[in-house]
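Report on the structure given below.
All of the numbers you see were taken from the coordinates with simple rules; none came from a lab. In this text the structure is predicted, and so the values were computed from the model without any measurement. Here the Cβ positions follow ideal geometry from the backbone for every residue, glycine too, while neighbour counts run over all protein chains shown.
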Amino acid sequence: MPESGKKQARVLVVDDTPTKLYILSSWLRRAGHQVAEATGGLEALRKVREIRPDLVVLDVRLPDISGYEVCEQIKSDPASSSIPVIQISGAAITTADRALGLHRGADAYLAEPIEPDEFAATVEATLRYYRARQRAERLAGKLGALAELTLAMNAAETFDDLLSTAVEGTSKILGRRAGALALLPDGRPRRFTANPPGGATTARSAPPAALEGLTELALGDRAGTQIFTIPYDYWSKVAPDTPARQDIVAVMSRTKPNRPAVVLGVEQDSELDEDELSILRQLGQAVALAVEALRAYAEEHAIALTLQRSLLPSRVPEVAGLDISWRYQPAFDNVEVGGDFYEVLELGEQVLIGVGDVQGHSLLAATVMAELRHALRASLLDSVDLGRSLALLNDVLRRYHPRMTATVCLTLVDPATGETLVANAGHIPPLLVGADGTARYHELGNLLLGVAGEVYRVDQVTVPPGGAVLMFTDGLIEDRDKYLDESLEIARKVAETIGDDVDEFADRLIESFGAREDDVALVLFRRR
């Protein structure tokens, strides 16, 4: 039987002398180790590949190849290079012999005659170093996997992706069935499970009170991280489809007392060692931080959208003789508010329709956008002059926000006659669509707002019955991997297929460009 506290090892003894082979093997077996034997160097190399021993006890003089060469081949193979080798010799016993053995890869060198106690102590010391190295390598591998998993979780764009990535990675790192329990932003408790190695992740609903009960059990009303055991009887109520009948070792973590906690656990089919418990704790903290970051982003994004929409018109008037459709679509991954805007105003028998874009994404850009909209409305109170209105907006921007620029395009249409005035301050020109479906960009343009003094020219066009005008901000067409002219042509071709439903066309136009990295504002009006 092995001595108390000593772990059993697989040892390969290599010697061509039967008596010596028997004695060494007997000493090892009495110490509690499993022993395999070989009588030659080539046989020893084959058995090293087959059984992957924890230690090789190797005679220097062998009938086929020397022990020095056997040791060198063991150490040169990446699959066996970490296996320790103790060389033994009754003939090569000089200092030079021992030095040669150590230089050629041996971890220890014993010269005969060998005392049993010395042999046992050398074996245990060599195995102790080997096990410490194995543990360090395993821990380094798991820490590397933990770093990669943390990056993957932080890159997740949805809560389902984040938690699925977390349980799959936990299952792979710890080699056990893993699960997570969390409260999604919409208030639904969800649980995720994954089987090793690389098993599919499943997501299911959980009882509403499940997370609250576990939180009370582990953290109470505190923030922090706590490792605890979930009894199987309790867990079977949360996850009745759990196949294994065993307790769960779990970590609960949350960053703030008033936030929902996240539970990450693995099945306790065998006891976790200190390193595995430390990894589980770090995994729990990483998941909680990633969830909190994504939750905060979602909340900030919702607040930004609310603010942004509050600065835009709450409604667009219904105008006799015109079909009007408008869209405002925030950037899909930008939490900051932008400066894109649209405007539709009834001015007696005429209708003013405009779009604009203040540079940047920030609260300042949104504030300047609101100022320009209000200044535009004020400029139209006494009389309607598009050139004068743009000049006023330019003066406002240059005086009160001298480092900001903006683009604005205004159209003033008479629904009864189709006569339309166009004034453009550096904006993408409007698309004029004829009754026959042909589309072209308007050609007149002026300097953008905020750069210098400018006399803003106004052009007159006629929109025929069935004709339309499409105005949009550059967020619709700007792509990093496309030339602007190419995107402008795509928009022009789509505009030739407006059809009978202007709302359907507006959606189709945005969908044709896919997810946008910038905000998009557009207004389309068609004369009946």
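Brief remarks on what is shown
- P(r) for segment 333-395, from all Cα pairs and a bin width of 5 Å, is 4, 17, 27, 23, 14, 9, 5, 2, 0 %, short bins first.
- Distant-in-sequence amide H partners of residue 427 (H built 1.01 Å from N, under 5 Å): 408, 446
- Nearest-20 debye value, the chain charge dipole, Cβ charges on Lys, Arg, Asp, Glu: 1500
- Set of segment 55-79 residues, backbone N closer than 14 Å to the point 7 Å along the Cα-Cβ line of residue 46: 64-65
- The aspartates and glutamates within cross-link reach of residue 20, meaning a Cα-to-Cα straight distance under 14 Å and a gap of 8 or more places when in the same chain, are 37, 59, 112, 115.
- Here each label is just a point 7 Å from Cα along the line to Cβ, and for residue 202 and residue 186 those points are 2.1 nm apart.
- Selection from 214, 392, 48, by position along the positive dipole direction of the chain (Cβ): 48
- Phi angles across segment 444-452 convert, under the Karplus curve 6.51 cos²θ - 1.76 cosθ + 1.60 with θ = phi - 60°, into 3J(HN,Hα) values of 7, x, 10, 5, 5, 6, x, 9, 7 Hz, Gly and Pro given as x.
- Separation of the alpha carbons by more than 21 angstrom is noted, of 47/75; 142/172; 142/256, for 142/256.
- For segment 106-161, the fraction of alpha-carbon pairs in successive 10 Å shells from zero, as %: 19, 26, 18, 15, 12, 8, 3
- Segment 98-218, relative contact order in percent, only Cα pairs under 8 angstrom and at least six apart counted: 14
- For segment 10-135, a/c is less than 1.5, where a ≥ b ≥ c are the root eigenvalues of the C-alpha gyration tensor. That puts it in the rounded class.
- FRET efficiency estimate (nearest 0.05) - Cβ-Cβ, residue 133 to residue 17, R0 30 angstrom: 0.45
- Total formal charge among the other residues, if their Cβ is under 10 angstrom from that of residue 340, Lys/Arg +1 and Asp/Glu -1: -4
- Residue 399 paired with residue 489, simple spin-label distance in nm, labels 7 Å along Cα-to-beta-carbon: 4.5
- Cα gyration tensor shape of segment 455-502, rounded if a/c is under 1.5, else prolate or oblate by comparing a/b with b/c: oblate
- If you wrap the Cα atoms of the chain in a convex hull and average its projected area over all directions, you get 37.6 nm².
- Relative exposure of 278, 76, judged by other C-beta atoms within 10 Å (fewest first): 76, 278
- The string of couplings for segment 494-504 from the Karplus curve (6.51, -1.76, 1.60, θ = phi - 60°) is 5, 5, 6, 10, 4, x, 7, 9, 5, 5, 4 Hz, one whole number per residue in order, with x for Gly and Pro.
- Fewest-first ordering of 367, 170, 17 by other beta carbons within 10 Å of each residue's beta carbon gives 17, 367, 170.
- Bridgeable lysines around residue 493 (alpha carbons under 26 Å apart, same-chain partners fewer than 8 residues away excluded): 482.
- A P(r) calculated from all alpha carbon pairs of segment 359-403, with 5 Å bins opening at zero, reads 5, 23, 30, 22, 13, 6, 2 percent.
- Cα gyration tensor, segment 157-274 - rounded (a/c under 1.5), prolate or oblate: rounded
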